[in-house]
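J.: For reference, the structure I am asking about is given below.
The values are calculated or read from the model by the stated rules, or taken from the named source; none is laboratory data. For clarity, every value in this text was computed on a predicted model and none was experimentally measured. Note that each Cβ is placed from the backbone with ideal geometry, even for glycine, and that neighbours are counted across all protein chains shown. The accessibility values were calculated without ligands, DNA or RNA, using every heavy atom of the protein model including side chains. Shrake-Rupley method; radii C 1.70, N 1.55, O 1.52, S 1.80 Å.
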Amino acid sequence: MGGVEDDEPASKRMKLSSEELRRLSNGSTIKEPVAGSSRDLMARPLQSEGGEEVVGSKGVIKKVEFVRIIAKALYSLGYIKSGAHLEEESGIPLHSSVVNVFMRQILEGNWDDSVVTLRNIGLTDERTVKSASFLILEQKFFELLDEEKVMAALNTLRTEIAPLGVNDSRVRELSSCIVSPSYCSPTRSPKQDTVRARSRSKLLEELQKLLPATVMIPEGRLEHLVEQALVLQRDACMFHNSLDKEMSLYSDHQCGRDQIPSQALQILQAHTDEVWFLQFSHNGKYLASSSNDQSAIIWEVYETGVSLKHKLSGHQKPLSSVSWSPDDRQLLTCGAEEVVRRWDVSSGECLHVYEKTGLGMVSCGWSPDGKWIFSGLNDKSICMWELDGKELECWKGQRTLKISDLEITGDGKQIISICRETAILLLDREAKVERFIEEDQPITSFSLSRDSRFLLINLLNQEIHLWNIEGDLKLVSKYRGHKRTRFIIRSCFGGLEQAFIASGSEDSLVYIWHRGTGELIETLPGHSGAVNCVSWNPANPHMLASASDDRTIRIWGLNNLSTKRKEPCSNGIHYCNGGY
């Protein structure tokens with residue numbers, strides 16, 4: 001407490017100077033002479049309806065509480081004289097005289113006296129008194145053991161701690177320290193460290209958490225209030241989307257629209273037909289795209305732009321989707337009712353082809369540990385494979401549709417797929433439990449949030465629904481405005497802390513909503529065909545990619561970025577200067 005670390009053994013008697021004691025007890029018993037007064041410069045307090053003085057224009061901040069919290073913060077920051085000066089000038093003590101005596105007794109190890117003083121503080125809840133007494137006497141017990149006064153420690157346990165009737169399991173643990181002193185040894189591992197003495201200053205911090213805030217103000221209370229205010233401002237900021245944005249106490253926080261990627265910085269033109277799908281790698285260093293031209297492309301992402309790394313050929317049908325391995329070193333590509341191929345990202349080499357006689361693959365995904373892959377098949381089953389192609393398990397029946405997405409939750413337990421036209425299956429493969437999200441409209445695609453807690457579902461009726469899938473299934477929000485009549489249009493989570501929702505649209509626009517409010521905040525023109533898929537860079541909240549029937553991929557960034565770039569290092573790339 002008070003900015004001072006106490007690393008001395010718990011059993012060591014603390015012979016403190018008045019300065020040390022002032023720091024540990026927050027200095028409220030020490031009165032420093034006041035050299036000058038700034039009272040006239042302070043805002044004149046108002047009178048509240050209840051008779052207490054208040055500060056601030058709203059009349060909701062009680063002056064006494066305000067001053068005490070400021071004094072507490074000053075002592076915690078190590079400004080001992082300033083804290084004492086504030087107490088004297090304001091006439092408002094941080095703690096009552098009884099509390100100051102109690103704190104001094106704790107720091108000096110006067111355990112019996114401190115238990116008596118505790119009852120004179122004015123606590124009305126007997127459970128709090130007993131719990132606080134338990135902590136104090138537990139410390140006494142440990143210090144007696146450290147001094148090898150085993151019989152005195154046993155007597156404290158039997159006649160003082162046990163009669164409190166608090167935390168019987170803890171009493172049994174303390175008994176074990178008598179029988180086996182090694183049970184309380186400081187050399188035990190952190191996971192075993194359930195019974196050990198704390199320093200006296202740490203004990204005081206624990207008591208501080210237990211006692212009412214009116215008696216002892218919690219440590220870091222002012223910091224907590226300020227952080228809470230900043231977080232509320234940030235959460236209310238519609239366009240907050242920057243890791244580097246510094247929030248200041250000097251003014252209210254408000255980001256501008258310029259934090260949303262809305263300018264086309266690059267147009268990637270290496271595909272020769274419609275681009276159906278794209279996805280950034282988990283580390284944000286790569287982008288993979290798949291096309292009706294039967295190829296996939298791995299793009300490398302730099303600070304200066306995106307360049308073509310490998311064009312992957314070998315599929316005999318259009319590619320419906322791609323999926324990055326958890327470590328981003330491998331990539332799966334799925335042909336439309338064809339095969340799944342696994343590629344090495346570094347070399348562009350095809351490592352394996354997954355196929356099943358007489359059946360075609362329609363979707364693909366990875367287990368979180370990268371040891372297995374999953375695929376949906378056109379007989380509506382889902383299979384799990386080892387990397388070498390050995391089939392481990394197959395879930396038959398109405399598990400997936402011919403055109404389907406496939407996701408596996410971050411813990412590897414749930415497989416998610418569209419099982420019926422209007423339903424999504426959440427299959428717990430370990431517990432063998434099935435849950436279903438039922439919609440009123442046909443489902444065209446879905447996307448799983450990074451934390452595996454939410455599912456974004458695109459519907460035939462031009463709505464996108466956000467579902468919470470943690471615990472009970474719950475519809476959270478709806479997003480409207482984009483156009484979808486004939487094609488599969490995909491949406492995604494994105495931005496800082498995935499605070500935004502982006503979607504393609506058949507009207508050639510990219511749509512962006514605020515996830516929390518559902519408000520449409522941007523529409524991005526530029527494509528000349530339907531936008532089939534969007535992907536937000538998970539490592540860069542200012543980078544968004546979109547794939548279109550116009551055979552191009554657009555890379556979107558902030559409109560205030562410099563457009564001066566290095567020379568393009570691969571073909572099929574056009575750098576924009578803000579034009580469309």
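J.: Considering only region 482-513, state which residues are open to solvent by 20 Å² or more (accessible area, probe 1.4 Å) and within 29 Å of the chain's Cα centre (by Cα).
T.: Selection gives R490, L496, E497, Q498, A499.
J.: Checking C255 against (1) surrounded by fewer than 19 Cβ atoms within 10 Å (Cβ to Cβ); (2) on the phi > 0 side of the Ramachandran plot: exactly one of these is not met. Which one?
T.: Going through the list (1) surrounded by fewer than 19 Cβ atoms within 10 Å (Cβ to Cβ); (2) on the phi > 0 side of the Ramachandran plot, C255 breaks only (2).
J.: If a residue has to be in contact with an Asp or Glu (Cβ under 7 Å, 6 or more places away or on another chain), part of a strand (DSSP E or B) and under 23 Å from Q259 (Cβ atoms) to count, how many in region 481-535 make the cut?
T.: Qualifying residue count, region 481-535: 2.
J.: Looking at region 222-239, is at least one residue more than 21 Å from the chain's Cα centre (by Cα), at pLDDT 90 or above and not β-branched (V, I, T)?
T.: The answer is yes, given that some residue of region 222-239 is more than 21 Å from the chain's Cα centre (by Cα), at pLDDT 90 or above and not β-branched (V, I, T).
J.: Could you list all residues from region 343-357 that are under 12 Å from S375 (Cα atoms) and charged (D, E, K, R)?
T.: Within region 343-357, E355, K356 meet the criteria.
J.: S375 - would you say it is of a type in the set (G, A, S), touching an Asp or Glu at 6+ places or on another chain (Cβ under 8 Å) and not in a loop (DSSP other than H, G, I, E, B)?
T.: no
J.: Pull out all pairs, ordered by first then second residue, where Cβ-Cβ is under 7 Å, the residues are six or more apart or on different chains, the first lies in region 380-392 and is of a type in the set (A, V, I, L, M), and the second is open to solvent by 20 Å² or more (accessible area, probe 1.4 Å) and in a strand (DSSP E or B).
T.: If the second residue must be open to solvent by 20 Å² or more (accessible area, probe 1.4 Å) and in a strand (DSSP E or B), the pairs left are I382/W395; M384/W372; M384/L392; M384/E393; L387/H352; L392/W372; L392/E386.
J.: If we scan region 454-467, do we find a residue that is among the aromatic types (F, W, Y), part of a strand (DSSP E or B) and at pLDDT 95 or above?
T.: yes
J.: Return the residue satisfying two criteria in turn: it lies in region 35-78 and is surrounded by 11 or more Cβ atoms within 10 Å (Cβ to Cβ) and over 19 Å from L225 (Cα atoms), and of such residues it is modelled with the lowest pLDDT.
T.: M42
J.: Here's another thing I want to ask about it. Residue under question is L308, and the condition is that it be surrounded by 22 or more Cβ atoms within 10 Å (Cβ to Cβ), at negative phi and modelled with pLDDT of 95 or more; does it hold?
T.: For L308, the condition - surrounded by 22 or more Cβ atoms within 10 Å (Cβ to Cβ), at negative phi and modelled with pLDDT of 95 or more - is not met.
J.: Considering only residues that are in contact with a Phe, Trp or Tyr (Cβ under 6 Å, 6 or more places away or on another chain) and closer than 17 Å to R127 by Cβ, look in region 153-173 and name the one that is modelled with the highest pLDDT.
T.: So, considering only residues that are in contact with a Phe, Trp or Tyr (Cβ under 6 Å, 6 or more places away or on another chain) and closer than 17 Å to R127 by Cβ, the one modelled with the highest pLDDT is L164.
J.: Any residue that is modelled with pLDDT under 90, outside any helix (DSSP H, G or I) and over 30 Å from E522 (Cβ atoms) - is there at least one of those in region 199-208?
T.: yes
J.: Let me ask something else about it. So if I check each of N110, N120, which one is open to solvent by 70 Å² or more (accessible area, probe 1.4 Å) and not acidic (D, E)?
T.: Being open to solvent by 70 Å² or more (accessible area, probe 1.4 Å) and not acidic (D, E) holds for just one of N110, N120, which is N120.
J.: Go through (1) of a type in the set (D, E, K, R); (2) at pLDDT 90 or above; (3) buried (at least 16 other Cβ atoms within 10 Å of the Cβ) one by one and return the number of the condition K390 breaks.
T.: Just one mismatch for K390, condition (3).
Residue-wise test of (1) surrounded by 19 or more Cβ atoms within 10 Å (Cβ to Cβ); (2) in contact with a Lys or Arg (Cβ under 6 Å, 6 or more places away or on another chain).
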position	(1), (2)
G335	yes, yes
V345	yes, yes
E349	no, no
V353	no, yes
V362	yes, yes
L377	yes, no
I382	yes, yes
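J.: Which residue out of L475, L466 is of a type in the set (A, V, I, L, M, F, W, C) and in contact with a His (Cβ under 7 Å, 6 or more places away or on another chain)?
T.: Only one candidate passes the filter, namely L475.
J.: When the residues of region 258-290 are narrowed to those that are β-branched (V, I, T) and within 19 Å of L524 (Cβ to Cβ), which ends up most open to solvent (accessible area, probe 1.4 Å)?
T.: I267
J.: Looking only at region 76-93, which residues are under 37 Å from the mean Cα position of the chain (by Cα) and not hydroxyl-bearing (S, T, Y)?
T.: L77, G78, I80, G83
J.: Then there is this: Give all pairs with beta carbons closer than 8 Å in which a residue from region 220-233 that is at positive phi meets a residue that is part of a helix (DSSP H, G or I); count only pairs at least 6 apart in sequence or on separate chains.
T.: These pairs meet every condition: G220/S76.
J.: Oh, and also: Name every residue in region 68-99 that is over 22 Å from L204 (Cα atoms) and in a helix (DSSP H, G or I), in order of residue number.
T.: Listed by number, the residues that qualify are S82, H85, L86, E88, E89, S90.
J.: Tell me which residues, restricted to region 468-480, are open to solvent by 30 Å² or more (accessible area, probe 1.4 Å) and part of a loop (DSSP other than H, G, I, E, B).
T.: E470, G471, D472, L473
J.: Under 8 Å by Cβ, and 6 or more places apart or on different chains, what pairs join a residue from region 74-86 that is farther than 15 Å from E219 by Cα with one that is open to solvent by 60 Å² or more (accessible area, probe 1.4 Å)?
T.: I80/E19; I80/R23; A84/K31
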